[in-house]
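The next block holds one structure in the form of structure tokens; read it before the comments.
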Amino acid sequence: KYEMNWHITRIVLKSPDRINKKDSAVKSQIKLINPKKLEGEQLTRWNQVLENVADIVVDKLAVDKEEARNLKYNFHDDLGADSLDKVEIGYACERDFGVAISDEVLENINSTHQMASYLFAQPELKIK
């Protein structure tokens, strides 16, 4: 019993380093798009992605469209989402855009802006 507890403690003590490195790697996959730097077809595509993600957020969280489109609003803090809501938003985005979103990436997406930015950067993105 003593050895088992020591082993678990050792794993727990090492875990934050691995998690922090993993989170950093995942966060680097989510580069926020600055719409002011886009033009032409890219801007049109960005607006389509943002609108579709905002529609999903409106559907899943029952918030106003303007709140869902606000690039500064956080799913949890500003829109009242819990972890299940976030998973549902992720699954709906996967279905609607044809993009796989790993659990690690989804854990680090906390806003419509982050979700739209991540999707926008994926080569397999399909916009309806």
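So, taking all protein chains as they sit and a 1.4 Å probe, how much accessible area belongs to residue 101, in Å² rounded to tens?
The accessible area of residue 101 comes to roughly 10 Å².
Tell me the accessible surface of residue 77 in square angstrom (1.4 angstrom probe, heavy atoms of protein chains only), to the nearest ten.
Ignoring ligands and nucleic acids, residue 77 comes out at about 120 Å².
Largest first, how would 117, 83 line up by accessible area (1.4 Å probe)? Show your work: numbers first, answer last.
On the way: 117 0, 83 90 Å².
Ranked list, largest accessible area first: 83, 117.
How far apart, in nm, are the 7 Å Cα→Cβ label points at residue 36 and residue 78?
Placing both labels 7 Å along Cα→Cβ, they lie 1.6 nm apart.
Grab the other residues whose beta carbon is less than 11 angstrom from that of residue 73, score K and R as +1, D and E as -1, and report the net.
Values: positive: 69, 72; negative: 64, 66, 67, 77, 78.
It works out to a net charge of -3.
Tell me the accessible surface of residue 31 in square angstrom (1.4 angstrom probe, heavy atoms of protein chains only), to the nearest ten.
For residue 31, solvent-accessible area is about 140 Å².
The values are calculated or read from the model by the stated rules, or taken from the named source; none is laboratory data. Predicted, not measured: the structure shown is a model, and the values here were computed from it. Note: ideal-geometry Cβ built from the backbone for every residue, glycine included; neighbour counts use all protein chains shown. Accessible surface areas use protein heavy atoms only, side chains included; no ligands, DNA or RNA. Shrake-Rupley method; radii C 1.70, N 1.55, O 1.52, S 1.80 Å.
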